[in-house]
Each structure stands twice: as structure tokens, then as C-alpha cells.
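Everything on this sheet refers to the single structure shown next.
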Amino acid sequence: MRQLWKWCLLILVLPTTVFSQDSLVQAVDALLQSRCLNQSQTAVSIVALPSGRSIYARHTETPLLPASVTKLVTTAAALHYLGPEYHFKTDISYTGDRVGDVIMGDLVIKGGGDPKLTSEQLWYIVSQIKGHGIHEITGNLIVDNDFFDKHLRAPAWGSQTTATAYDANLCALSVNFNVVGVHILPSKEVGEPVIVWLEPETDYLSLVNSGKTTKRGNNTVSASRATSEEGIRIKVSGSMPLGSQEKTIFLNVPDPVSYAATTFRSFLQQSGINIHGDTRIDSTPSDLTLLYRHYSAPISTILKELNTYSNNFIAEQILKTIAAEVTQTPGSHEEGQRLVHAFLKNIGIDTQEINLVDGSGLSRENRIAVSAITDLLTISYNRFDIGPDFIAALKIMGAEGSFSKRFSDSPARSLIRAKTGTLSGVSNLAGYVESEDGQLFGYAIFLNSNRCGDRGADQIENKIVNAIYQLGTQDDAPFTNIHESTLQE
């Protein structure tokens, strides 16, 4: 009787485990039959962790457009090559001698690729210089931009065509993400010009304001950037009704090193530090005395911001920094991508069909398979040296106070770590999710060439992740080694 009871119990328990996995496959298969999807350009990989065992696979080896999911690769490579405690450095040095509060030579600022150097930090650097007792520079202000090569954009992007903030140029010495903030408020009188100021205030830019304050109507005020023989102009036009809230428009700058140099010099002068010479963009002289070294926050913190806000500028600055630090030569996209490729290959990922040409995923030339992404998620999860920081760098979906409300109504909210990837006709999602009973899964969902629209594609991805959350087992051992989808195309 005891043996019969054991067999009955096994019959009751076993179908539950199998049904759970089969239910996931059936649910995902059903979702992927949506008419708005391009069946040959849709791929899904789901793996159980920590083993990385595949429990759902559809077109997992097909190279597809990753869009901003590329930032997961950049994140892992940065942690691997630079380490979680890496700090970007900005050096302030001088040539010649110091006599009292006077530097009898040049003041030199050398950029180190810091993607988070802001006006506030630049002011802090200036305060440190003044705190060292410096009040006068008899020579020039030299700005050294040689930590990076001369390319302002990823070569695959082509020439710059927009002034939008997400399309900002790259530079070893960058300030405010190489964008300027145009702040606009209505005047207190109808017919008066709108109130405009730039952040930061700098001689690099001039302002032309033709915007008007109106009694009522639509807020049509706008800002644009124009380059002429007189320099860079910010033009504000349109109308703004009385009582309107402040509007801020961010525009990138065409020559970021000149923007940084002019802003830095302006801050020095405003603090009372007088510079007699010119401002020059040049290599650092050989005979220097270090005055102050500014350190960024650790890169592990910066990577969290990179993935939360999907910041293209930060991703590309990091890629070029990897190249500069590892090769000890000016950082380039070419060398950065070579190192990323070597990293993926060295950790055991098949790189034959991988083609990554930038660090952010903005280029449509990028190609990678979902299996490579879930392999990366698995390997990163199992690496104690970088795994905790890699996971922490991913956005927590649906959590209170998070940047996005996506998954806020999901039973898995706050248990999902994810990176989105969106381009025209492309919607991707990849990351980790903990199931209802505590099992962890990695997933990568690529919906390329889809006609679902942003909301429709998001709903499909959300339902897949929710289905994973409902998959229950305390141990990934019962899962089959590969569970290929049988969905017919």
C-alpha cells in the first residue's frame, strides 16, 4: 500500500511541473501569432538561472536588430574591462612656475571621457582651483581632448543631422552631456518678449529671441540652433500665453570641446581667476604640475543611469573610454568594438553572427541573436566580480517611484529587471524576472519589423514576462534542455 501511495503522489505532482512549462510555451506561442508581428523577424529566448538551461526558444540564433538592448553588452563590457569602481578623471595642471597666487604659465584641463561632468561639477573644479590659492594665469587656457580620437560620432551613424539631445556629439571633455538647456517663461505683459535664459550661460552661444507673450492661445514657443560666421546662435520663436509654466528645450552643440572650453573659462573668470592668454585646444605639454584631479562617481552608479534613461551619449562615451584605457591610445569606436567582440568571445558567446557598430544601439547596422543576450545574462549573473553590479544597473520595472510606469499593474512588479530597445518598427525587451515561487529567469524578446505600434508591442512583451513570472518550480532541474517553440510561421 505504501508503494502504491508513492506512485499516486507522483502522478499528482509530475503533471503540475510539466503543465507549468507547457503552459508557458503555449502562452508565448499564442502571443507570437499576433498579426502585427513579422514571424521571421520575431525571436524569444527564455532561460532558467543559474544554469542557463533553455526553456523556450524561437529563432534564437537569428541575428536581429537589438536597438538599445545593445546597452546590456556595453554595460557588461565596461564592468569587465574597467571594473565597478572605475572613476572617470578630469585633470587640472599647469606649466611653468607658481609664484604666490599667480601661475607663470598655462592652465591645462585634460578630459578623461567623463559622461557626467555637469555645470555644477565644473563650478566645483573651479572652486578647488581657487581654493588652492590661484587667482591669475599669465599664459593660456589649454584644453586637452586627446583621450578620445577626433570622431565626434559613431562612424556608423553618418553625419549629424539633428540638434536633439539624444543625438549629441562625443568628446573627451564634455559638459552637460554636450547639450545646452534653453529655459523659456512668459513675460508678465502681453506683447512683451518671452523670458529666455541658457544653461549654462556661455560665450560659446548667442541668443536671438523673437518669442512673444500672448493673452491666450496655444503654446507654440520653440528653440532651434543655427551656425553662421558669427558663431552658434540659439533662436527662440513662437508665442507663449500668460501664466504658462516654464518650458525647457535641450539642444546639442556642434563643437563640444569648444563649448566645454568656453564654459570653463567663463566660470574661471566669474570666480575671479584672471587668464591673460588665449583658449587653445591642444595636446598636454610634457612638463606639467598636477593641481587637482576630479573623479566622477563610480561607473557602477553611472551604468544605472545609462540603462534607466537609455542614454545614448553615456553609452558611447563609455565605449570609447574602454578603448582608451585598455589600449592606452586615443579611444575609438573601432577599438572599442574590437574589445567588446573579444570580451563576448572570451566568455564563451558565439560571435560569428554578431555585428555591433556602436555602444548604444542607435545604428540599424547592429545585429545580435537573442541567444547571445540570454547567454550574456546568464554569464553575468554567475560572475561574482561584476554580476551584482550588472543586475543593479538594470531598471526595476513597475517599482514605486521608478522612471516608467510599465509593469506597475503586473503581479511581477518590482521583480523585473529589464532593458528596453526601441527603434521605428523595432521593440525589444531583455533582462531578469523572478517567478512567483522564487525561481529566477533570464529572457530576451526581439520584435523586429513589427506593425504593432509601441503600445501593442509592449503589451505582447509584458504578457510574455508575466507568463514567465507564473511559471513555478523551486528547481530548474525538471526543465528539458531545449524547449523549441513549435509555432508555425
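The values are calculated or read from the model by the stated rules, or taken from the named source; none is laboratory data. Only a predicted model underlies this, so the values are computations on that prediction, with no experimental measurement involved. Here the Cβ positions follow ideal geometry from the backbone for every residue, glycine too, while neighbour counts run over all protein chains shown.
Okay, here's what the table says:
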item	result
Residue check for Arg225: farther than 28 Å from Ser360 by Cα and surrounded by fewer than 21 Cβ atoms within 10 Å (Cβ to Cβ)	no
Spans of helices (runs of 4 or more DSSP H) in the stretch 312-427 with at least 2 residues more than 26 Å from Phe441 (Cβ to Cβ)	312-327, 333-346
Selected residue [modelled with pLDDT of 95 or more and surrounded by 20 or more Cβ atoms within 10 Å (Cβ to Cβ)] from Val182, Val196	Val182
All positions within the stretch 44-81 that are crowded, with 20+ Cβ neighbours inside 10 Å, over 21 Å from Leu423 (Cβ atoms) and of a type in the set (A, V, I, L, M)	Ile46, Val47, Ala48, Ile55, Ala57, Ala76, Ala77, Ala78, Leu79
Residues of the stretch 428-457 that turn out to be touching a residue at least 60 places away in the same chain (Cβ under 8 Å) and either among the β-branched types (Val, Ile, Thr) or assigned to a loop (DSSP other than H, G, I, E, B) (or both), as a count	7
Criterion (more than 20 Å from the chain's Cα centre (by Cα), of a type in the set (Phe, Trp, Tyr) and surrounded by 15 or more Cβ atoms within 10 Å (Cβ to Cβ)) met by exactly one of Tyr166, Tyr204	Tyr204
Residues that are touching a strand residue (DSSP E or B) at 6+ places or on another chain (Cβ under 8 Å) and over 18 Å from Val28 (Cα atoms), drawn from the stretch 441-462	Ser449, Asp454
Pair list, Cβ under 7 Å, 6 or more apart: the stretch 374-395 residue outside the structural domain of Thr351 (by TED's automatic domain parsing), other residue buried (at least 22 other Cβ atoms within 10 Å of the Cβ) and of a type in the set (Lys, Arg)	none
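Here's the yes/no breakdown for (1) closer than 17 Å to Gly181 by Cβ; (2) out of contact with any Ser or Thr (no Cβ under 8 Å at 6 or more places or on another chain); (3) assigned by TED's automatic domain parsing to the domain that holds Ile134:
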{"site": "Trp197", "(1), (2), (3)": "yes, yes, no"}
{"site": "Pro200", "(1), (2), (3)": "yes, no, no"}
{"site": "Thr220", "(1), (2), (3)": "no, no, no"}
{"site": "Arg293", "(1), (2), (3)": "no, no, yes"}
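A quick yes/no check of all residues on (1) within 21 Å of the chain's Cα centre (by Cα); (2) not hydroxyl-bearing (Ser, Thr, Tyr):
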site	(1), (2)
Gly238	no, yes
Lys247	no, yes
Tyr259	no, no
Gly272	no, yes
Arg280	no, yes
Pro285	no, yes
Arg293	no, yes
Phe313	yes, yes
